[in-house]
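As C-alpha cells, the structure follows; a few thoughts come after it.
Derivation of every value follows stated rules applied to the coordinates shown; laboratory data play no part. Note that the structure is predicted; figures quoted are calculated from it, not measured. Note that we place each Cβ from the backbone using ideal geometry, even for glycine, and neighbour counts take in every protein chain shown.
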Amino acid sequence: MDKNINSDRLIIPVYINEKIVLDMLAIMEDGFSMISQVNYTEHKENLSAQKVDAGISTSASILSKLLKIDVSGELSRTGNSGENENIVKEKVHTNVSLLSKFRGFLVEHKMVKTDFDFSKIQVGDFIEVEGELQKNPLINYMDIFIDLFRMAEIFEDKPQLGKKTQANNQKKKENETIKQIKSFADELKHSGTIDFILSNSKGKAVLSAQERYLANDNISEIIGGHFKVLGKVISICKEDTENIDLLRKTSLSILSEELLNEMFSAFQTADMKQFNLPELKTKILGPAIIIIPVAIYV
C-alpha cells in the first residue's frame, strides 16, 4: 500500500465515463492492461521469512510508467535452511483507480484548467471546476409539475355521489396532460444524454452527460450537492449577450422564441404561481461553457 498517497486522489465519483478514461489512458501509453501479473519468490525459514523481488509481467508499459507498481522487498535472513516458493498474484485496477491515475497525469503535466477564467479557456481544453450541481431547469420543472399532480391525487377527496362522471372526466384530462409533459421531458433526453448545470460565483457550465454512466442511475443523489467536474470544453459563451440553448439537442430547437413562449405560457398561469416551482428557463446566459464530462466526483 502507498502510504504517501494524497487525499485528492481518493475520489468518489457519482458519474464516470469509463470509455473516455480507458481511451485516454490507452492513447497515453500506446495500449495497456488493466491486470498485471506479479511474480516473486518468498523464502520461508523456521524463524523468519524473506521476500526477493523477481519482476513484473504485463502486456504493456503502463504499469511501470503510469501505475508505478513497486514489489521490491528487503532480504532478511536469520538461518541457513529454508525453502523457496514461487507466488503469482494479480493486481486489478478499477474504473475509479484508473480515473484517479488519468486525473493525476493531467495535473502533473499541467494539462488541466482549474478555474472559470474565460480569457484563457479554449475549446478542447481539459478543465476541472467545482460548484453546485443542478438538473436541466426544463427537465426539473417538468418533473416537479408531474409530482404536483401525483401529490394532488394522493390527498384528493373521493368524489361525491352523482359527481363521479365529472371527476372521471377531470382525471382523464389530467392523465392526458401528464402524458404530454412526460413526452416533452423524454424529448429532452431522447439522445441518451441529460444536461446538468454546474455553477459557482465565477461562472456556469452546462454538462452534457450520458445517463448510463450515472452511479446507480439515481440523479437525485447529486442534485444540489457540491461536486468537482473533470471534462473537456466543447463550446464557450464569453459574453452575457450569448447563451446556451437547452433545447439544442431536441427537435424543439427549430421553433421560434415566440412559439416557445406560447407553448410554455400554460405553465405560467396565476393558478401555478401558488406553487413553489423553479424558474422555467430554456437558455443559460453567458459567460458559460459546455463540457463533455469525464467524471463528476467529490
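Some notes on this structure:
- Legend: distances between Cα atoms for 182/204; 202/249; 120/232; pairs beyond 21 Å are 182/204; 202/249.
- Under 5 Å, built H, 5+ apart or other chain: amide partners of residue 189: none
- Stretchable slack from residue 148 to residue 176, in nm (0.36 nm times residue separation minus alpha-carbon distance): 8.6 nm
- Of 130, 258, the sequence from fewest to most neighbouring Cβ atoms within 10 angstrom is 258, 130.
- Built amide H within the under 5 Å cut-off of residue 114, gap 5+: 128
- Legend: ranking of residues 112, 294 from fewest to most surrounding C-beta atoms inside 10 Å; resulting order 112, 294.
- Least to most buried among 125, 147 (fewest other Cβ within 10 Å first): 147, 125
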